[in-house]
1. Identify all residues within region 134-154 that are over 12 Å from residue 88 (Cα atoms) and out of contact with any strand residue (DSSP E or B) (no Cβ under 8 Å at 6 or more places or on another chain); write none if there are none.
2. State which residue is farthest from the chain's Cα centre (by Cα) when the search covers only region 60-99 and only residues that are hydroxyl-bearing (Ser, Thr, Tyr) and assigned to a strand (DSSP E or B).
3. Please specify each residue of region 37-53 satisfying the condition of being in a helix (DSSP H, G or I), closer than 13 Å to residue 67 by Cα and among the charged types (D, E, K, R).
4. Going through region 155-185 one residue at a time, which ones are assigned to a loop (DSSP other than H, G, I, E, B), under 24 Å from residue 65 (Cβ atoms) and either touching a helix residue (DSSP H, G or I) at 6+ places or on another chain (Cβ under 6 Å) or not small (Gly, Ala, Ser) (or both)?
5. Being touching a residue at least 40 places away in the same chain (Cβ under 8 Å) and within 27 Å of residue 60 (Cα to Cα) is the requirement here; does residue 124 meet it?
6. Please indicate, with yes or no, whether at least one residue in region 56-67 is surrounded by 13 or more Cβ atoms within 10 Å (Cβ to Cβ) and farther than 22 Å from residue 99 by Cβ.
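Every number here is computed from the coordinates shown, using simple stated rules; none is lab data. None of these values were measured; they are calculated from a predicted model. Note: ideal-geometry Cβ built from the backbone for every residue, glycine included; neighbour counts use all protein chains shown.
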Amino acid sequence: MNLEEIKQRMHNGSIYYENSEIGKEQKKYNELLYDFNQIRPSDEPAKQKILAQLLGALGENVYIEAPLRANWGANTYIGNNFYANFNLTLVDDTRIEIGNDVMIGPNVTIAAGTHPLDPALRLKKAQYNLPVTIEDNVWLGAGSIVLPGVTIGKNTVIGAGSIVTKDIPANCVAVGSPCVVTKHL
């Protein structure tokens, strides 16, 4: 399978297997991520310059505390007025869409990449991806984990330590493992 076929499969939910070509492309984003994490906290212009090269889209007034981890970076699209505390992890093997006015606590993971349940496929290092959408004005509490294929509706708060395994509607508070709605706003 050539590079373009793998990239198509990465973004359409199909099973694929990484190869050295895709690994080489991913490395250039890993290098940018490394550079971002080495910048002095006071050098915000340098941070913004690298984020603009690293991410698929970067809105205005975006602040991300280092360290940041990402499989790519290029498949993450961030809106305006975004804040992420330290240790944000983006498993962005396909699209992660983050709206405007989103706040993310420390040690949060947003994962769009996953592996099949079939053990024979896992032995072959098979992977597939499902996009994640975080709508406007969402707050993800510290230590929360958002799994592949999930959409979190606007104005929603995800409680600290929650594991979001399915879509969460707009205008609510949701907590737990698995994450469930506990209050409507």
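1. 136, 137, 154
2. Residue satisfying both the conditions and the ranking: 63.
3. The answer is 47, and nothing else.
4. Matches in region 155-185: 155, 156, 179.
5. no
6. yes
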